[in-house]
Each structure stands twice: as structure tokens, then as C-alpha cells.
Amino acid sequence: MKKIAASAYYISARGLFLLFFFGTALASAAADAPLAGAQLSGRGTLRFLGLEVYQATLWVRPGFAPTHWAQHALALELRYARGFSAEAIAQRSIEEMQRQQPVPAAQAARWQAELAALLPDVAAGDRLVGVYAPGEGARFVYNDKALESIDDPLFARLFFGIWLSPQSSEPTLRAALLAAP
């Protein structure tokens, strides 16, 4: 009888441990989401000439529809594998945004200057998160420190379209990010 009771205790203790372990892991994943109520959609790695540039992670809320991504709040996290200047990131961002639709030169220059002033230079291991608010704009977080926002709906849609638009220059990364919903 003692052996059965001991086994029941072992199973209960093991069950509690597993419940605690997996519960903590799930809570941790939810806590890592940079957007309230968001869940992981997908992950991918951007490589250039075989070298890793960054790992991207997309966070979305329930009900997210990839074909209508621009209508949903979302967060995109980039973990850099190498360093880049803010100016280089801003310049490349504007070039990629213009793949989706033409942007007047004066507007592109204004956005590039604003983005370069807002973003820091990044080093390997740094984390940059953009949070998209449809119809409002974008806010940014660098290594858990809130940066300024760009309150321009067109800028925000084109900026996040770099990764999520069908015109993305990286269709494989886009597919990886939109994998889960």
C-alpha cells in the first residue's frame, strides 16, 4: 500500500513539475510578445551572400489574416547578427519601401532623415522591434528601451510591407514570418 501511495505521490509531483515547467515556458513566450495579446506567427533569417544579417520574428493577435496584414496590429522583432549604422538601415528601408509603390523624392528624404534620427546604430545581438498600428503609424523599441514613434500611416504600412507585402524582396522570409496563422 505504501508503494502505491509513493508512486501516486511521484506521479503527482512529476505532473506538477511538468505543469509548472510548461506553464512557465508558455507564460514566458507570451511575456516575450512585444504586443499585448499577441502570439508568435513565424520566424525567419535574412541572409546576404550566405552571411546572417538578422533573425526576424512576427507577433500577431488572434484573427490575423496574412492576406490583409496591413489591417492588423502586429509587431516585428529583428535580432541583428552584425552591426549597421542607423543611416544605412534608414537608407535600405526607404529603398525597400519604394518597391511597393513610388514615393515622391521629398517624402522619401524626409522619412529617411526621420528614421535615421530615430534609430540607433545596431551591433550584433541587438534587438529592434517595430510595432505597427494600422491607420496610425509605428513605434519602435531598441533592446527594451522605447524609442520615438512615426505617426504616419503610409510610412508605417510601407515600412512593415518590407517584410510582409507580396512585393517584398525576400519572399522566403515573408513566407516564414506568415507561417503560423
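The values are calculated or read from the model by the stated rules, or taken from the named source; none is laboratory data. Because the structure is a prediction, the values reported are computed rather than measured. Please note: Cβ atoms are built from the backbone with ideal geometry, for glycine as well, and neighbour counts cover all protein chains shown.
Step by step: first the residues of the range 158-176, then only those that are within 13 Å of Gln98 (Cβ to Cβ) and under 14 Å from the mean Cα position of the chain (by Cα), then the one that is surrounded by the most Cβ atoms within 10 Å (Cβ to Cβ). Which residue is that? Before you say what the answer is, go through the steps one by one.
As a first pass, look at the range 158-176 and keep what is within 13 Å of Gln98 (Cβ to Cβ): 158-159, 161-162, 165, 167-169.
If we keep only those that are under 14 Å from the mean Cα position of the chain (by Cα) as well, we get 159, 161-162.
On the way: Phe159: 25, Gly161: 21, Ile162: 23.
Only one residue fits best here, namely Phe159.
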**Study point:** Index of the failed condition, Asp151 passing every other in (1) closer than 13 Å to Ala90 by Cβ; (2) touching a Gly at 6+ places or on another chain (Cβ under 7 Å)
**Key:** (1)
Practice item. For Val103, state whether it is within 17 Å of the chain's Cα centre (by Cα), within 27 Å of His68 (Cβ to Cβ) and surrounded by 13 or more Cβ atoms within 10 Å (Cβ to Cβ). Key: no
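Applying the selection to the range 25-50, what residues are part of a loop (DSSP other than H, G, I, E, B), at pLDDT 90 or above and crowded, with 16+ Cβ neighbours inside 10 Å?
Start the filter on the range 25-50 by keeping residues that are part of a loop (DSSP other than H, G, I, E, B), which leaves 33-38, 49-50.
This time we only want the ones that are at pLDDT 90 or above, so: 35-38, 49-50.
Answer for the range 25-50, where residues must be part of a loop (DSSP other than H, G, I, E, B), at pLDDT 90 or above and crowded, with 16+ Cβ neighbours inside 10 Å: Leu35, Ala38.
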**Study point:** In the range 51-78, the residues that are assigned to a loop (DSSP other than H, G, I, E, B) and either closer than 15 Å to Leu173 by Cβ or within 14 Å of the chain's Cα centre (by Cα) (or both)
**Key:** Arg61, His72, Ala73
Check your understanding: Would the range 92-110 turn up any residue that is in a loop (DSSP other than H, G, I, E, B) and among the β-branched types (Val, Ile, Thr)?
Key -> yes
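Does Gly83 fit the bill of being over 17 Å from the mean Cα position of the chain (by Cα) and not hydrophobic (A, V, I, L, M, F, W, C)?
On the way: over 17 Å from the mean Cα position of the chain (by Cα): yes; not hydrophobic (A, V, I, L, M, F, W, C): yes.
In short, yes.
With the structure loaded, tell me whether Ala90 is more than 22 Å from Pro166 (Cβ to Cβ) and either in contact with a Cys (Cβ under 9 Å, 6 or more places away or on another chain) or modelled with pLDDT of 95 or more (or both) or whether it fails that test.
On the way: more than 22 Å from Pro166 (Cβ to Cβ): yes; either in contact with a Cys (Cβ under 9 Å, 6 or more places away or on another chain) or modelled with pLDDT of 95 or more (or both): yes.
Considered against the rule, which asks whether it is more than 22 Å from Pro166 (Cβ to Cβ) and either in contact with a Cys (Cβ under 9 Å, 6 or more places away or on another chain) or modelled with pLDDT of 95 or more (or both), Ala90 comes out as yes.
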